[in-house]
Amino acid sequence: MPSLKDLRNRIASVKATQKITKAMQMVAAAKLRRAQEAAEAARPYSERMGAVLANITQAIGGGGDAPALMTGTGRDDVQLLVVCTAERGLCGGFNSQIARLARDHIRKLLADGKQVKIICVGKKGYDILRRDYASLILERVDLREVRTLGFANADAIAKKVIHLFNEGGFDVCTLFYSQFKSVISQIPTAQQIIPAATAAPAAAEATNGGNAVYEYEPEPGEILSDLIPRNISVQIFRALLENAAGEMGAKMSAMDNATRNAGDMINKLSITYNRQRQAQITKELIEIISGAEAL
């Protein structure tokens, strides 16, 4: 049974940990609002760009003017997975949920005889996936030094992906991230970005205002050659912003649970300490009284 000194040290240690978790919860709450606003602001832009792509694609009818980034190579033998996770932990199951979705997708592709390549954005996803699929990882993108995510960070990742595609490195690219819904809800998502997955014609018409007919200048093929690479950058940027908001929400929730658990542990240790101290005092009193009676 631990001594009173051991119990006092344990209580002091848990109290110090509780102060840290409470501080981390408050920091995450402060960062969450800005991250959530950035993620919500990026959604209409990415959705509208998808609608524009759908409209232009419908205009050219999938003809030969369409760039390869939109039409693909005609095969799906080599699959590239861009897995976006957080750089740091202490955010519950946020990172493991994204990695689990990617891992299930990898297993399915390998079972179908496909070749898989992985680009990890974030340290935690890299640490999880390299345990089973270290040989499939091409590169790890490190964003630990980035204090505020910008479009330039996503554009650099998009350029690497497009360069790899132009060299014939893969046929299909899928982006993995966690879509932010609320503080307690983040949805792991897989989104195909190469070939470009455009909205359905009906949805595109609804977004663009009915059956309007547009004329494009320059030609639609030339527009797409510039628009699709930008769309890939936008989708990756949105994934990074969604992840940033989801990470802060998950960290806020995890640190709140940790603070509550620390409080419960302090209460239990305090009760144990008081009972043991009371028992020790009672024992000393009995010894004193017994000695006095013996005299």
_Which of the three applies to region 1-63, rounded, prolate or oblate, going by the alpha-carbon gyration tensor with a ≥ b ≥ c and a/c under 1.5 meaning rounded?_
prolate
*Within 10 Å, count the other beta carbons around each residue, average over each peptide in 157-166, 12-21, and list them highest first.*
157-166, 12-21
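Taking the inverse of the average 1/r across all pairs of different Cα atoms in region 1-147, what Kirkwood radius in Å do you get?
Taking the inverse mean of 1/r over all distinct Cα pairs, region 1-147 comes out at 19.8 Å.
Once you have the Cα-Cα distance between Ser290 and Ser13, take 0.36 nm times their residue separation minus that, and quote the gain in nm to one decimal.
Extra length available between Ser290 and Ser13 comes to 95.9 nm.
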*Sticking with the crude label model, points 7 Å out along Cα→Cβ, report the distance from Val27 to Leu110 in nm, one decimal please.*
3.6
*Report the one residue of Gln115, Ser225, Ala16 whose Cα lies farthest in the direction of the positive end of the charge dipole of the chain (charges on C-beta: Lys and Arg +1, Asp and Glu -1; origin at the Cα centre).*
Ala16
*Return one whole number: the accessible area per residue of the chain in Å², for a 1.4 Å probe.*
55
_Shape verdict for region 19-105, please, from the Cα gyration tensor: rounded (a/c under 1.5), prolate (a/b greater than b/c) or oblate._
oblate
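For Ala68 and Arg260, what is the calculated FRET efficiency with R₀ set at 45 Å and r taken between the beta-carbons, to the nearest 0.05? Walk me through the intermediate numbers first.
Values: r = 53 Å, r/R0 = 1.19.
Using R0 = 45 Å, I get an efficiency of 0.25.
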*Taking 0.36 nm per residue of separation and subtracting the Cα-Cα distance, what length does fully extending Arg75 through Leu4 add?*
18.6 nm
*What is the dipole size for the chain, taken about its Cα centre, with +1 at each Lys and Arg Cβ and -1 at each Asp and Glu Cβ, in debye to the nearest 20?*
1900
_If packing is taken as the average count of other Cβ atoms within 10 Å, what order do 24-33, 140-149 fall into, highest mean first?_
24-33, 140-149
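Taking Rh as the Kirkwood radius computed over C-alpha pairs, what is the Stokes-Einstein D of region 58-139 at 37 °C in a medium of viscosity 0.692 mPa s, expressed in µm² per second?
Working: Rh = 14.4 Å.
D = 228 µm²/s.
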*In the neighborhood of Gly92, defined by Cβ-to-Cβ distances under 15 Å, what is the net charge if each Lys or Arg adds +1 and each Asp or Glu adds -1?*
+4
*Provide Rg and Dmax in Å for region 114-183, with only Cα atoms included in the calculation.*
13.4, 41
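Which semi-axes, in whole Å and largest first, does the equivalent ellipsoid of the chain have when worked out from the alpha carbon gyration tensor as the square roots of 5 times its eigenvalues? Show your work: numbers first, answer last.
Working: eigenvalues 653, 85, 39 Å².
Equivalent ellipsoid semi-axes, largest first: 57, 21, 14 Å.
The values are calculated or read from the model by the stated rules, or taken from the named source; none is laboratory data. A quick note: this is a predicted structure, and the numbers were derived from the prediction, not measured. Every residue, glycine among them, receives a Cβ derived from its backbone with ideal geometry; neighbour counts consider all protein chains shown. These accessible areas exclude ligands, DNA and RNA; they are computed on the full protein's heavy atoms, side chains included. Shrake-Rupley method; radii C 1.70, N 1.55, O 1.52, S 1.80 Å.
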